[in-house]
Amino acid sequence: MSDKIQAIRGMHDILPDRTPHWQHVEAVLRRVMAAYGYREIRLPLVERTELFKRSIGEVTDIVEKEMYTFEDRNGDSLTLRPEGTAGCLRACLEHGLLHNQAHRLWYSGAMFRHERPQKGRYRQFHQLGVEAYGMAGPDIDAELILLCRRLWRELDIAHKLELQINSLGTVEERLAYRGKLVDYFRAHFDRLDEDSRRRLESNPLRILDSKNPELREVIEGAPVLAGELGDASRAHFDGFRKRLDAAGVPYAVNPRLVRGLDYYSRTVFEWVTQELGAQGTVCAGGRYDGLIEQLGGKDSTAVGFALGMERLIELLDEPERFETAAHPHAYLIAAGEETELAGAQLAEAWRDALPALRLQTHCGGGGFKSQFKRADKSGAAVALILGEDELRNRTVGIKFLREEREQSTLSQSELISFLRTII
Ligand code: ATP
Ligand code: MG
């Protein structure tokens, strides 16, 4: 006997009793994206390793320790995408979509990061990514927030999420800030952990993003970037806030919000929840104006966010309702070869007449009793019964599986009107 092969740690199957939750969320996402004029783009799962190194930044958690990188048969270094922004930008540059144009785009799908698996943190997980190119003002930054708010509302989870915002200024402004930050952390060197000590030279801002609770206090005391912002950055941030205020979106300014990726500038934001323990960030994003040039494009502007589908779905109330809503309406039972043949044909005719009907026909034989068991297990509201008598009389028996109602018999010609009432 051979051992069973199991899934890779941190990479999960989504079984059929869970896919209705996903489909519900996906349907809402599509609708809301369309409501704001965002168009879908589909991208490869694998890109050149160089793309992520250049965009996400060498000294980030993702590039330092989380990427699934492998050598292709011809020796190229490839990586399973750990996020979507870099690939989306690569595609748009490659196809000339960025020059003097504005685009609103979204994508969704699997991302891969070699992290320590735990609740809300997986090695294969799924994101919805939204990117807006070629719009420099704070109006588009605010639009992304409104779009998020609409998503939360339509999913009935708005009360569980709060918005945190910050401005990271420009590269120059961050450089001025960096000096002050290094001075501060150097003065508190003994309180830093190993990762942070290493980052002190290479990327001190990242220390602010540390998840180590022992560092919280020293991070709280660090100088903030707001003091270094120039007029243009401040005006952008004020414009962003003004639009949120006008739309009645509550938020908190979190001066220590820096995000884990290198490419952000000016606006950054996170939607966080208290309901998921340590993995509380559901959606995160911001502006990354410099990235396009960094990837070889002309100077252009970009802003976007990514949301974690697993964490979002975890926030849904009464998720079982989506599974129930996906059950078959009816389950057709037909014992005996002749009735089974006739039943399959009738079922096709009913499906022709009622495209929205979810009808399962029993397959695999067996007596009435075992077929009823299956019908019950399918979650169907009614069992349709075709026995030899019914076949002869051109009728169908109807048994309600979820309500106390008497079994009845309808003529085959009346059945479609009946089925219409249970869809
Ligand atoms: P975290 O701080 O939780 O590690 P991050 O800053 O690495 O998140 P982003 O790269 O901004 O996350 O990704 C956006 C969103 O994708 C996160 O807010 C989260 O909801 C989701 N996400 C990121 N990594 C994972 C993961 N390993 N498993 C599940 N969801 C994830
Ligand atoms: Mg992370």
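The values are calculated or read from the model by the stated rules, or taken from the named source; none is laboratory data. Remember, predicted model here, so these are calculated numbers, not experimental data. Cβ sites come from the backbone with ideal geometry, for glycine too, and all protein chains shown count toward neighbours. Ligands, DNA and RNA are excluded from the accessible area calculation, which covers all protein heavy atoms including side chains. Shrake-Rupley method; radii C 1.70, N 1.55, O 1.52, S 1.80 Å.
Give me Rg/Rg_expected for the range 78-211, where Rg uses Cα atoms only and Rg_expected = 2.2 N^0.38 Å with N residues.
Details: Rg = 18.7 Å, N = 134, 2.2 N^0.38 = 14.1 Å.
Compactness ratio reported: 1.32.
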| How much solvent-accessible surface does Trp106 expose, in Å² to the nearest 10, with a 1.4 Å probe and all protein chains in place? | 20 Å²
| When we measure straight from the Cα of Lys242, which aspartates and glutamates land under 17 angstrom away, once same-chain ones fewer than 8 places off are left out? | Asp139, Asp141, Glu143, Asp231
| field | Mean projected area in nm² (Cα convex hull; one quarter of hull surface) for the range 121-184 | value | 7.5 nm²
| query | Which whole number in µm²/s is D for the range 158-212 by Stokes-Einstein, with the Kirkwood Rh taken over Cα pairs at 10 °C and 1.306 mPa s? | reply | 125 µm²/s
| Per-residue SASA entry for His99, accessible area with 1.4 Å probe, Å² rounded to 10 | 110 Å²
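Let me check I have the definition right: for the range 268-423, take the eigenvalues of the Cα gyration tensor, multiply each by 5, take square roots. What are those semi-axes in whole Å, largest first? Provide the component values of the computation, followed by the final result.
Numbers: eigenvalues 544, 73, 36 Å².
They are 52, 19, 13 Å, listed from largest to smallest.
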| note | With a ≥ b ≥ c from the Cα gyration tensor eigenvalues, square-rooted, and the rule rounded for a/c under 1.5, otherwise prolate when a/b > b/c and oblate otherwise, the range 332-399 is oblate
| query | Could you give the angle, 0 to 90 degrees to the nearest 10, between helix 412-422's Cα long axis and the longest principal axis of the Cα atoms of the chain? | reply | 30 degrees
| In percent, what relative contact order does the range 153-221 have, based on Cα pairs under 8 Å that are 6 or more apart in sequence? | 24 percent
| request: For the range 1-129, divide the Cα radius of gyration by the Kirkwood radius and give the resulting Rg/Rh value with two decimals. | output: 1.01
| task | Please compute the Cα-Cα pair-distance distribution of the chain with 10 Å bins starting at 0, giving whole percents from short to long. | result | 4, 18, 24, 20, 13, 10, 7, 3, 1, 0
| Karplus 3J(HN,Hα) series, Hz, for the range 89-105 with 6.51 cos²θ - 1.76 cosθ + 1.60 (x for Gly, Pro) | 5, 4, 5, 5, 5, 4, 9, x, 8, 9, 6, 6, 9, 10, 9, 10, 10
| Where does each of 279-291, 318-330, 396-408 land if you order them by average Cβ count within 10 Å, highest first? | 279-291, 318-330, 396-408
